[in-house]
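Below is one structure, written out as structure tokens; comments come after it.
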Amino acid sequence: MAISPVQTLEVPDVCHRWLENRGTVYELLIDFLGNWPSLSMIAEWSRGSGISKAAECSKAGTELMTYLCGRSPEELVRICEYEGAEYRRLLQQSKQRQAAESHYTKDGCAQDLADCYASVGIAFNKLHGEADDHIAIELEFMTLLHDRMLNNTYCEHSMLQLMEVQEKFLEEHLLSWVPSLCKDLKGSTESPLYQSVFSLLEEFLAQDLSMLKTWKHSREAVLVH
């Protein structure tokens, strides 16, 4: 993802690293919460620079990097076998419906989400039949909005609108239920991978909302002047 246009904007220094890292962190979370952790996926994250961006965001990201990086091929195979079984147990079997907003909030959230996705012209290609309120789908929505926002850096009005949609989505959807999800599933596993992933998810979303508000405020201040 090209982010060089962002560097031309007058944003606070604290926002630069956030803008550079947030898309990758969302992608990491989507990969591990929406897909079985195959050997190729684990190996790709273990040797890539993306996982270090998660480490910059939180202690949980550092723990995840420590767990996956620098491993021998044999160790990665053992990690894949163990974590694959945990993924099936936590997110594919009896608790599959638990990884969805409707498990924690009002019954009408599915329609609210469908309307929200439609309002910005987003339709998902659900390869595994995920519901609109599944954690991976909600995170993917944020990733798509992030990409659009970076592609609108020269149109302040469109960029601010996309910031508002993300802020509202974090407040009204993800942060209304994800802390409870993380508490439940962290209490259900001793997996180093999923302990770290759920901690990262909870920490990152709260941080993301704070940084989004900071950047939005800086852009609004530029418009006033």
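Here the helices (runs of 4 or more DSSP H) wholly within segment 1-66 that include at least 3 residues being at pLDDT below 90 are 13-34. From the list Ser158, Ser210, the lone residue that is small (Gly, Ala, Ser) and either modelled with pLDDT of 95 or more or within 18 Å of the chain's Cα centre (by Cα) (or both) is Ser210. Take the residues in segment 31-40 that are open to solvent by 20 Å² or more (accessible area, probe 1.4 Å) and not acidic (Asp, Glu); name whichever of them is farthest from Asn125 (Cα to Cα). Here the answer is Leu39.
Annotation: Ala100 fulfils all but one of (1) touching a His at 6+ places or on another chain (Cβ under 7 Å); (2) modelled with pLDDT of 95 or more; the unmet one is (2). Being open to solvent by less than 40 Å² (accessible area, probe 1.4 Å) and outside any helix (DSSP H, G or I) is a property that does not hold for Ser196.
Residue pairs whose Cβ atoms lie under 6 Å apart, separated by 6 or more positions or on different chains, with the first residue in segment 206-218 and touching a residue at least 60 places away in the same chain (Cβ under 8 Å) and the second surrounded by fewer than 15 Cβ atoms within 10 Å (Cβ to Cβ) and of a type outside the set (Val, Ile, Thr), are Ser218/Pro12.
For Ser119, the conditions (1) modelled with pLDDT of 95 or more; (2) small (Gly, Ala, Ser); (3) closer than 26 Å to Arg219 by Cα are fulfilled apart from (1).
Among the residues of segment 118-147, those identified as part of a loop (DSSP other than H, G, I, E, B), out of contact with any strand residue (DSSP E or B) (no Cβ under 7 Å at 6 or more places or on another chain) and surrounded by 15 or more Cβ atoms within 10 Å (Cβ to Cβ) are Glu130, Asp132.
Within segment 112-122, none of the residues are under 15 Å from Leu33 (Cβ atoms) and among the aliphatic types (A, V, I, L, M).
Does Met159 fit the bill of being of a type in the set (A, V, I, L, M) and in contact with a Phe, Trp or Tyr (Cβ under 6 Å, 6 or more places away or on another chain)? No.
The values are calculated or read from the model by the stated rules, or taken from the named source; none is laboratory data. If you're wondering where the values come from, they're calculated on a predicted model, not measured in any experiment. Methodologically, a virtual Cβ is constructed for each residue, glycine included, from the backbone with ideal geometry; neighbour enumeration extends over all protein chains shown. Side chains included, ligands, DNA and RNA excluded: accessible areas come from the protein's heavy atoms. Shrake-Rupley method; radii C 1.70, N 1.55, O 1.52, S 1.80 Å.
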